[in-house]
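Before any comments, here is the structure.
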Amino acid sequence: MAFKPRSTRRSMSRASYYAIGFAVFIIFVLNIVLSAIYSRENVPVSHDFENFEGREDCGVTLSNLYTAPDLPEKVDKNNQPYCAYRNELLEALSGGGRGGFDESYRPKGCHYRWYSSSEICMILERVDGLIFIGDDMLRDIYAAFNMLLRQNLASGALAQWKMDEHQREICRCENQFANYRCSPFVVSTSLEVEERNLEGHHESPYLCHRVPHIFLSTTSSPAPEGHHEILHDLLSSKPRTYKPFPVIHSLGISTGLSYDTATSSMDEFLNTADSFDRASPFLWVGPAAAGHLAPGKPVWKYSMETANEARKRGMEVLNMWNMTVQASSWDGERYGMKVALVQAMMIVNWLAKLESS
């Protein structure tokens, strides 16, 4: 009997330890889950391009580009700050604004995400490939897209192996966009980088490389000879899968704001894509504003009219007027690296909302 109380105390002690251990385990699991949710819902500002070449040299920080939304104390489907659907996302991105000249751009209503390079790779795994077709504005967006995937702000838009030491020095950072002497070295397809890597060279390789992407330059309709053949080859290069092959299309100021050229270009590429029995969602990207020293009404009118025509044809629309109207431009047409990085991330957000099957 003398041992009974001790046995009871020992038994109670074990039970307490088990309970405490279980509680600690639950707290541990909850912390992991909540951390994962938090990391998905917020930009990891502490990272701030930390793995990117040129992070310190190029004067670009994440806070320059993106302001995360304020999260409510309790996040649920009724007060989710991030856009849930593609149409909401595109409306929010098209209709946003800046708090002042060159301030970070904030969408109207729901918010978009700033994905890490590894997250962008996971998003790209949902598609079979990606095609950009357009003029200089879209070329800059494609250049920034390459910078994000190559984790290189200093020269991620360029084929560095084609340049001598002096050219590489001149074309760093903002000059990838601003200096016309750097334009011949801008990467136009992921195959350029991949072929170079296969040869044993590793100048800023892609973080992920299984999904091909390409930029086709055009300012006219019909497009330059060979563009439709390239599109044909890309859309027929793999066995038919359930993954989409998105096309991002844009024509703006470079066409002289020709409404007929824009709609003709839409039709010719839609017709080519429609000849294949596979999902090829089209995103029409509206033109940038004309710059703060240039008259804006013609561009605004062109932007609205072409957006309407794109929607009539079943294309989705991302307008860039609001995004650029309070941004610096050195020539009234092109806006440089900071704007292009945000525009590229907008397109990544659209890709993230596409159905993968």
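Please treat every number below as a calculation from the coordinates, not as lab data. These numbers were taken from a predicted model, which means no experiment stands behind them. As a convention, Cβ positions derive from the backbone with ideal geometry for all residues, glycine included, and neighbour counts pool all protein chains shown.
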Solution diffusion estimate, µm²/s, Stokes-Einstein, segment 139-258, Kirkwood Rh from C-alpha pairs, 20 °C, viscosity 1.002 mPa s: 135 µm²/s
Radius ratio Rg over Rh of segment 62-352, counting only Cα atoms, Kirkwood formula for Rh: 0.94
Of Phe282, Ser116, Trp330, farthest towards positive along the dipole that unit charges on Lys, Arg, Asp, Glu beta carbons give segment 62-352: Ser116
Partners for Lys338 among aspartates and glutamates (Cα-Cα distance below 16 Å; same-chain residues under 8 apart left out): Asp48, Glu53, Glu56, Asp57, Asp102, Glu103, Asp136, Asp140, Glu174
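Compute the signed sum of charges (Lys and Arg +1, Asp and Glu -1) over the other residues within less than 11 Å, Cβ to Cβ, of Ser104.
In short, +1.
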Subset of Lys162/Lys312; Lys243/Lys301; Lys301/Lys353; Lys162/Lys297; Lys243/Lys297 violating a 31 Å alpha-carbon distance limit: Lys162/Lys312; Lys243/Lys301; Lys162/Lys297; Lys243/Lys297
Linear extension gain, His166 paired with Arg313, 0.36 nm per residue minus alpha-carbon span: 48.2 nm
